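The values are calculated or read from the model by the stated rules, or taken from the named source; none is laboratory data. Just so we're clear, the structure is a prediction, and the values are computed from it rather than from any experiment. All Cβ positions, even for glycine, are placed from backbone atoms using ideal geometry, and neighbour counts span all protein chains on display. In case anyone asks, the SASA skips ligands and DNA or RNA and just uses the protein heavy atoms, side chains included. Shrake-Rupley method; radii C 1.70, N 1.55, O 1.52, S 1.80 Å.
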Amino acid sequence: QDKVVVVTGFQGIKETTKMVTILGRGGSDITEVALTASLGEKYCENYTDVDGIFTVDPRIVLKAKRFDQISYYHLIELATAGGGKLLDRAVILAQNLGVEIRVLLSPSFGESTGGTLVCPGSTLDEMESFESQPGLVIQKLRMIRVSNIPNEPGVAEKIFVPLDKTNIESSIQSPAGKKAEIFILCLPDLANNVLSVLGGVKSKSLPY
């Protein structure tokens, strides 16, 4: 009807309680995929600040190669590790609903040259071409050092169990001594959340 419809993304309503909630990281991508499927369409376009999905972040590696096509499976692997321009939850939903996504450069940043098609990769030739270009993920991480921890059985568990839901990348424990140290790696935007959890552990049970 020649009308431009703007749909607010990143939020949803729980059917049983009618409570409005946010969808979390990648919520806008999830909205895009869900809306496409609900309208009975099989294809949508995602506009971003780079022209498609690359083997490595093109803003860091200028000679990075772009995927003309990439399967849901391989993009989920990249996205789970923090690569690509789509969040893994959105790609998994697209795979489940059969929605193909073309990732393109937004006109705000320039003219797109075709972008990347995210699709099933159902034929042998497609799967072989996907395999020939492995992806590389580069991330900036914040290291948090936890010192002066009593080196006693069960103490590490008191720290790591509350951290279970904070999406830390990895952790390193120093060699045993009278006092132990733990180094925690996390994404910079999650550091305050990790510090808050550690502060709660310290105030409740541990004098580190």
Test: residue in the range 18-27 that is open to solvent by 90 Å² or more (accessible area, probe 1.4 Å), in contact (Cβ under 8 Å) with a residue 40 or more places away in the chain, assigned to a loop (DSSP other than H, G, I, E, B) and closer than 21 Å to Ser112 by Cβ: no
Complete set of residues in the range 47-61 that are part of a loop (DSSP other than H, G, I, E, B) and either at pLDDT below 85 or open to solvent by 30 Å² or more (accessible area, probe 1.4 Å) (or both): Asp49, Thr55, Val56, Asp57, Pro58, Arg59, Ile60, Val61
Contact list, first residue from the range 55-81 and hydroxyl-bearing (Ser, Thr, Tyr), second anywhere and outside any helix (DSSP H, G or I) and at pLDDT below 85, beta-carbon distance below 8 Å, six or more apart or interchain, is Thr55/Ala64; Thr55/Gln133; Thr55/Pro134; Thr55/Gly135; Thr55/Leu136; Ser71/Gly121; Tyr72/Gly121; Tyr73/Gly121
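For (1) over 14 Å from Glu32 (Cα atoms); (2) surrounded by 13 or more Cβ atoms within 10 Å (Cβ to Cβ); (3) not aliphatic (A, V, I, L, M), each residue gets a yes or a no:
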{"site": "Lys63", "(1), (2), (3)": "yes, no, yes"}
{"site": "Tyr73", "(1), (2), (3)": "yes, yes, yes"}
{"site": "Asp88", "(1), (2), (3)": "no, yes, yes"}
{"site": "Val91", "(1), (2), (3)": "no, yes, no"}
{"site": "Leu105", "(1), (2), (3)": "yes, yes, no"}
Of all the strands (runs of 3 or more DSSP E) wholly in the range 104-208, which have at least 3 residues that are modelled with pLDDT of 70 or more? 116-119, 142-150, 179-186
A careful count of residues in the range 29-46 that are under 20 Å from Ser112 (Cα atoms) and surrounded by fewer than 16 Cβ atoms within 10 Å (Cβ to Cβ) gives 2
